[in-house]
1. Treating cross-link reach as a plain straight distance, find the lysines whose alpha-carbon is under 17 Å from the alpha-carbon of B:Lys156, omitting any fewer than eight places away in the same chain.
2. Taking the Cβ of each residue in A:Asp143, B:Asp300 as the centre, tally the other Cβ atoms inside 10 Å and list the residues starting with the fewest.
3. Determine, for A:Glu47, A:Glu232, B:Glu316, the number of other Cβ atoms within 10 Å of each Cβ, and report the residues in order from fewest to most.
4. Please work out how much length the chain gains when fully extended from B:Arg21 to B:Glu316, using 0.36 nm per residue of separation minus the C-alpha to C-alpha distance, in nm with one decimal.
5. Could you work out the relative contact order of chain B, using alpha carbon pairs under 8 angstrom and six or more residues apart, expressed as a whole percent?
6. Tally the DSSP beta bridges in the protein assembly as shown and give the antiparallel ones as a percent, rounded to 5.
7. Would you work out which of A:Ala282, B:Gly239, B:Thr45 lies farthest towards the positive end of the dipole of the protein assembly as shown? Charges go on Cβ: Lys and Arg +1, Asp and Glu -1.
8. Across the residues of B:141-147, average count of Cβ atoms on other protein chains within 10 Å?
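Taken together, the values in this text are just the output of simple stated rules run on the coordinates, not laboratory data. Being a predicted model, the structure only gives us computed values, none of them experimental. For neighbour counting, all protein chains shown are included, and Cβ atoms are generated from backbone atoms with ideal geometry for every residue, glycine included.
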Number of protein chains: 2
Amino acid sequence: LGGVLPSVCLVYETWGRLSARRDNAILLHTGLSASSHARSHSGNTKEGWWEHCIGPGAALDTDEFFVICVNPIGGCYGSTGPSSPNPMTGSPYGPGFPLITIGDMVRAQLLLLDALGVEQVYASVGASLGGMQSLMHSALVPDRVRRLISISAALKSQPRAVALRFVQRQAVMNDPAWSEGHYYGKSFPHRGLGLARGIGMITYQSGEQWNTTFGRRRNPGESWLDADFLVESYLVHQGEKFCQIYDPNSYLYMSKAMDLFDLEPRSGGGVGPSVADIRSPALVVGVDSDMLFPVQQQRDLASALRQHDCAVTYRELETQHGHDTFLVEQRALGDLMRAHIEAS
Amino acid sequence: LGGVLPSVCLVYETWGRLSARRDNAILLHTGLSASSHARSHSGNTKEGWWEHCIGPGAALDTDEFFVICVNPIGGCYGSTGPSSPNPMTGSPYGPGFPLITIGDMVRAQLLLLDALGVEQVYASVGASLGGMQSLMHSALVPDRVRRLISISAALKSQPRAVALRFVQRQAVMNDPAWSEGHYYGKSFPHRGLGLARGIGMITYQSGEQWNTTFGRRRNPGESWLDADFLVESYLVHQGEKFCQIYDPNSYLYMSKAMDLFDLEPRSGGGVGPSVADIRSPALVVGVDSDMLFPVQQQRDLASALRQHDCAVTYRELETQHGHDTFLVEQRALGDLMRAHIEAS
């Protein structure tokens, strides 16, 4: 949005082998907090976030496909982001990093596909922010996406989701240690980022699930203002874990990119990619207990794609796992994805 | 919970006249942020928060009933709370205020009813925190409550609601100006309390409603980190308004009292009031779009009351106003309440 990155580094991981015809690549997009480590491999044996969806015989079958997962720009897993050194100064970009959009993330990935010689991906796949990227991918370059999978994503961010991310950003920025984004090499805004992650966790999971998991159990000996209930210590713990892996400025940029996402066709035509540009046969998956990307948005997305003559398979999962279903219900999602990928 | 207040002041407002037999009193309990000013009167002509539910000919008919609305202890509208001077020191209690429960709030109100010579109220009425008070009132002294009305309340706080209030308290406490609760006469933790209120507003209203009210409209000229979307400036504005009227420590205490609320019968009998003690014929009202007190909790409350031989009228409102329905849909609620109050 006006800014320019003088150079861009993209960190990615791959599974399987690119075919001689370079027609078997599946581009997998990450969510907000996940890295490109979607599945374990010899270079990193740690379980990935989609371990059961990728591999020999899995839905994203590495015997057949070449799966690529890229860390989007703006993040903090190696690809250029606010914590990367600005080549002009040698110091981290920090708040001087340009405002980026999901379109920018996808354009950077297209440069990678160019470099790999992949003209068209066999499928562009993602959930949450990743689903927004897969939709954007198909809208930007419809001819380069043979199949599209969008899980728990949306055509655009609704005001409630914007509000929920806004209060998370405020939590980070209210922390004096954030220092207007200039905290590198100084004290880390862990209270702010931890609180933001705690708010996020509430939006990723479901109340029904927490009734079962936590109920009204208490932590003995805690002050009433601290993590008195079990659900409270869970949020604190998730916040602390997140502070070990995530850069607060990246959180602001990635969260804002989601708010800005809008593939609604502009009235009177207008500029920029929209759902009207998408032509890839699409699998759209919604989850009934998702409060961040409500199931109605999934139905609306499927309808909008159909309205623009896109072939759409729409599926709903009934689970108690809310927005996190894409991480938890990998077998069920795998079955849906396999059917879509195998369909001619 | 172990603490003792050496003296308690209760500020309340009334409408109508107490009958000679003192049998026409309706005790109205407030929510978290509302004061006792439920309706305008000659001493304060400002519109009250339940203006249309109280008055001559209204559901709480002041031609017939004596309506009392009390500011609960712990709050900041005149009744004893953390911002009140501790008579032992002359300075505000601050964080030295004892942890209070909804049972404590109701016990203080019973002292007021004693002072007014009201042995039994004609009805105990409330929504949200107020509904929790009306349920507690009937559980504590079943013979003193002739009818019970609970709107958008619950039998107990669920972990998701606890989590949502926890992150609000963290937002207050993360503000360095909060100073562990010792901010009186110093700088006010307005960023923290404003953010807490912003989070609260998301839980009080519904996503559907915001799609209509705000959509994706932007505020021209705002930085992307500030109130860029209209829904964001709304949250900021609500936060600023709240800082004009509410004490941050009161927010912590009142919010925690809601978390601690639990009228589930203790296994093996146990001590303390429970739903099993309630005998007053009850009107329970739920709202389908309420995410803070989900409609399933309303059905569970009605079932639990029935299971303990309580006569229950259960009604559900279908609105887009979420938890705030009790403030917005006063006519519809008035009709439901009138029918319950007029039933013999």
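1. Partners found: B:Lys256.
2. In increasing order of surrounding Cβ atoms, one gets A:Asp143, B:Asp300.
3. With the sparsest Cβ surroundings first, the list reads A:Glu47, B:Glu316, A:Glu232.
4. Result for the pair: 102.7 nm of gain on full extension.
5. Relative contact order here is 19 percent.
6. Once the DSSP bridges in the protein assembly as shown are tallied, antiparallel ones form about 25 percent.
7. Projecting each Cα onto the dipole axis, the largest value belongs to B:Gly239.
8. Per residue, the average neighbour count from other chains is 0.
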